[in-house]
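Participant: Could you have a look at this structure, given as structure tokens, before my questions?
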Amino acid sequence: MKKLIYLLIAFSMTLFSCRQSQDNPLLADFNTPFGAPPFDKIQNEHFMPAYEEAMRMHKAEIEAIVNQPETPDFANTIEAYDNAGELLSQISSIFGGLNGANTNPELQQIAKESTPLLTAHRNDIRFNEKLFDRIRQVFDKRNELNLNQEQTRLLEKVYDDFARNGAALPENQRNELKEINQRISMVSLQLSQNLLAENNGFKLIIDNKDDLAGLPEDVISAAAEEARSAGHEEKWVFTLAKPSWTPFLQFSQRRDLREKLYRAYTMRGNNNNENDNKALFTELISLRQKMAELLGYENYAEYFISDQMAGTPKNVYDFLYQVWEPALAKAIGERNEMQAIIDRENGDFKLESWDWWYYAEKVRTEKYNLNGDELKPYFTLDNVRNGIFTLTNNLYGLTFIHRQEVPVYHPEVQAYEVLDKNGSHLGLLYIDPHPRPGKRSGAWCGTYRSGSWKNGEKIAPIVTIVMNFTRPAGDQPALLSWDETTTFFHEFGHALHNLFANGHYKRTSRSVPRDFVELPSQILENWAGEPELLKKYALHYKTGEPIPDELILKLTNSKYFNQGFDNVEYLAAAILDLDWHTGIITTATDVNEFEKATLDRIGMIPEIVPRYRTTNFGHIFGSGYAAGYYVYRWAGVLDADAFYAFKESGDLYNQELASKFRKFILAENALWEGMEAYVKFRGHEPSIEPFLERSGLK
Ligand SMILES: [Zn+2]
């Protein structure tokens with residue numbers, strides 16, 4: 001329906017855009033089941049004209065807000081601003097979805113062409129002074145407007161978005177901020193490029209077969225393949241990419257080569273060569289500090305975290321230290337256990353950081369004895385999907401109907417209609433399981449259309465989850481690893497969040513803080529390993545027998561493996577990130593001294609190196625995770641505590657809890673701030689105990 005309205009506007013604007021929209025499916029009424037994107041009709045060449053048209057329309061909508069003669073009020077300014085640009089969001093969603101899951105050189109070229117246009121378009125709006133002036137006028141009289149809770153939040157968020165970009169500053173400071181921002185983007189780009197060069201600049205080349213001692217066959221053949229593609233025939237190459245260096249550290253019996261490879265890995269960007277990141281990083285930190293001060297914050301961490309669930313850097317520090325202490329104690333225990341193996345084998349040396357993976361593997365075999373291949377026959381793709389369908393049916397009463405009439409962009413993609421408890425249509429869900437050229441790596445959840453309200457009517461969301469799971473081989477179905485299985489549950493959690501979102505406004509219903517967003521996804525992973533559910537979905541693909549108790553026990557125990565190391569390595573990086581962005585360490589004169597001061601302060605043991613060191617900490621080079629690397633464990637504490645509520649109740653599918661979780665955590669993000677929502681669900685703030693228990697840290 002909304003397409004028609006746009007067509008009318010387009011028609012009234014120019015004849016050209018009308019003619020164009022008639023044969024461009026992106027600009028026409030989709031006329032498909034559930035309003036799904038017409039993937040069967042969309043061609044690459046439709047995107048650029050559609051983008052141009054959508055930007056033109058968005059711009060016209062903004063102009064209309066700015067140039068109207070009426071006094072600014074909530075409806076004519078805030079609501080109108082939130083409604084604007086709907087066609088552009090739709091086209092961006094479809095393009096982004098396809099470019100991630102099923103790209104080709106032409107789409108990549110379109111991405112290159114459209115990205116700068118879209119950035120300029122957004123900047124024009126973000127720095128539109130007249131627009132901000134109207135927003136501010138509404139904001140200043142917010143107490144007299146009789147707004148409801150959701151409208152008040154929308155107004156505050158919209159105002160904040162502009163203010164956090166500096167719109168409220170006097171002109172000279174605004175200009176200063178623009179310059180700082182420009183320099184920040186240059187510096188962070190350079191940091192990333194240097195890191196990439198460092199990643200690619202090192203190769204461990206092995207030409208003597210004896211130096212491969214201990215390595216499994218598949219690792220050796222991958223290294224031979226790597227060598228061939230690098231032009232080293234009859235040799236083996238190991239690189240600083242994770243899938244290459246990790247198994248080398250786990251299995252290579254050559255201690256000296258492990259050291260060489262791991263040193264190269266941890267020293268990336270810190271080699272005093274043309275790719276050195278030390279000076280650049282220090283510059284980045286001082287630019288961010290200046291930026292934060294201009295915007296009225298004490299430091300960059302204060303600025304970033306003020307908008308997050310955690311609220312203040314102090315809250316994040318308190319949280320990190322709470323996990324740090326037991327994690328460090330656990331890691332020391334793990335170290336001692338490994339040293340005992342070295343001593344037993346008459347190794348006559350002290351465990352070093354490059355030995356950790358190797359001896360951890362020995363501990364894994366001795367203590368946990370879990371072989372991934374034993375598990376796989378129970379976890380076919382269909383089994384796991386059915387397990388998730390069963391889970392969401394038990395929790396929320398959902399049902400899923402395969403809809404073959406819905407157009408898809410690749411024959412492997414399946415479209416499901418999702419029905420709510422009462423049988424009403426909740427949304428559409430695509431599942432795209434396997435890798436192929438043209439799909440980027442990893443797993444993710446996205447939307448082709450976000451849920452929204454229009455004139456009192458709910459527009460149902462169209463959600464997609466995209467993964468790169470093992471394919472079927474021969475007559476064997478797709479057998480998923482445990483990691484793939486939990487990833488499927490994880491992404492499905494994001495999908496539920498998108499399906500249930502129930503806000504009236506784009507800005508408030510579709511965005512949650514970074515330290516909240518992984519709660520809906522991670523909590524679902526907890527159910528994946530629950531014996532009660534496993535017995536229902538993990539059925540052997542040949543015999544149909546449910547997974548035996550003995551395997552379930554091994555699976556449960558293996559969760560505790562290497563948890564001290566895993567947490568210490570991560571937390572040290574998270575604390576380092578926060579130290580940099582709060583400026584807490586004032587005595588250091590360079591990057592290496594700074595790092596040392598941080599690690600000394602928290603009592604880091606020398607056998608563990610932070611997961612990222614400053615000069616190769618890609619997460620914090622850009623703005624995404626700067627002062628925000630903590631969010632992963634933060635969400636871990638939330639999901640463990642939230643899941644514990646179900647366990648504690650004695651009913652994994654407790655209906656009262658499920659309906660509160662759906663309401664406060666998944667559906668009503670437009671109404672509540674993160675912690676507020678959590679307390680409404682749980683009755684109190686999250687406790688760290690369930691997380692510590694789950695990770696074997698207590
Ligand atoms: Zn996620």
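Participant: What is the local net charge at N277, summed over the other residues whose Cβ is closer than 13 Å to its Cβ (Lys, Arg +1; Asp, Glu -1)? Don't jump to the answer; show the numbers that get you there.
Facilitator: Values: positive: R268, K278, R613; negative: E198, E274, D276, E283, D590, E595.
My count for the surroundings of N277 gives -3.
Participant: To the nearest 20 debye, what charge dipole does segment 478-563 have about its Cα centre, counting +1 at the Cβ of each Lys and Arg and -1 at the Cβ of each Asp and Glu? It would help to have the intermediate numbers written out before the result.
Facilitator: On the way: 9 positive and 11 negative charges, 88 e Å.
So the dipole magnitude of segment 478-563 works out to roughly 420 debye.
Participant: Counting heavy atoms of the protein chains only and a 1.4 Å probe, report the per residue accessible area for segment 202-266 as a whole number of Å². Write out the running numbers ahead of the final one.
Facilitator: Working: 3360 Å² over 65 residues.
With the other protein chains kept in place, segment 202-266 gives 52 Å² per residue.
Participant: Leaving out ligands and nucleic acids, note down the accessible area per residue over segment 331-391 with a 1.4 angstrom probe, in whole Å². Don't skip to the answer; put the middle values down first.
Facilitator: Numbers: 2830 Å² over 61 residues.
Value for segment 331-391: 46 Å² per residue.
Participant: Restricting to Cα pairs below 8 Å that are 6+ residues apart, what does the relative contact order work out to for the chain? Please round to a whole percent.
Facilitator: Working: 987 pairs, mean separation 104.4, N = 698.
Across the chain, relative contact order equals 15 percent.
Participant: Excluding R258 itself, what net charge comes from residues whose Cβ is under 13 Å from its Cβ, given Lys and Arg +1 and Asp and Glu -1?
Facilitator: Result for the local shell: -2.
Participant: To the nearest 10 Å², what's R142's accessible area with a 1.4 Å probe?
Facilitator: For R142, the solvent-accessible surface is approximately 80 Å².
Participant: Of K535, K506, which has the most accessible area and how do the rest follow, probe 1.4 Å?
Facilitator: On the way: K535 80, K506 40 Å².
Largest accessible area first, the list is K535, K506.
Participant: Just name one of L381, Q404, G438: the one whose Cα is farthest towards the positive end of the charge dipole of segment 378-502 (beta-carbon charges, Lys/Arg +1, Asp/Glu -1).
Facilitator: Of the candidates, G438 comes out farthest on the positive side.
Participant: Still on this structure: For every helix of n ≥ 4 consecutive DSSP H residues, a contribution of -39,500 (n - 2.57) applies; sum these over the chain, divide by its total residues, and give [θ] at 222 nm rounded to the nearest 500 deg cm²/dmol.
Facilitator: On the way: 29 runs with 382 residues, N = 698.
Calculated from helices alone, the mean residue ellipticity at 222 nm is -17500 deg cm²/dmol.
Participant: Now, a different point. How high is the FRET efficiency from Q190 to E361, r the C-beta distance, R0 51 Å, rounded to 0.05?
Facilitator: Working: r = 38 Å, r/R0 = 0.74.
Given R0 = 51 Å and the Cβ-Cβ separation, E is 0.85.
Participant: Over segment 202-266, what relative contact order in percent results from Cα pairs under 8 Å that are six or more residues apart?
Facilitator: On the way: 77 pairs, mean separation 24.5, N = 65.
It comes to 38 percent, rounded to a whole number.
Participant: Nearest 5 percent is fine: what portion of the DSSP beta bridges confined to the chain is antiparallel?
Facilitator: Numbers: 24 of 29 bridges.
Antiparallel bridges make up about 85 percent of those DSSP assigns within the chain.
Participant: Within the set K209/K367; K554/K660; K376/K698; K647/K698; K439/K559, which residue pairs have Cα atoms separated by over 24 Å? Please list the in-between numbers first.
Facilitator: Working: K209/K367 31 Å; K554/K660 33 Å; K376/K698 31 Å; K647/K698 18 Å; K439/K559 30 Å.
Going by Cα-Cα distance, K209/K367; K554/K660; K376/K698; K439/K559 fall outside the 24 Å limit.
Participant: Leaving out ligands, DNA and RNA, what percent of the accessible area of the chain is carbon and sulfur, probe 1.4 Å? Let's see the in-between values first.
Facilitator: Numbers: 15260 of 30850 Å².
Within the chain, the accessible surface is 49 percent carbon and sulfur.
The values are calculated or read from the model by the stated rules, or taken from the named source; none is laboratory data. Note that this is a predicted model, so its numbers are computed, not measured. FYI the Cβ positions are ideal-geometry reconstructions off the backbone, even for glycines, and counts take in every protein chain you see. Keep in mind that these areas ignore ligands, DNA and RNA; they rest on the heavy atoms of the full protein, side chains included. Shrake-Rupley method; radii C 1.70, N 1.55, O 1.52, S 1.80 Å.
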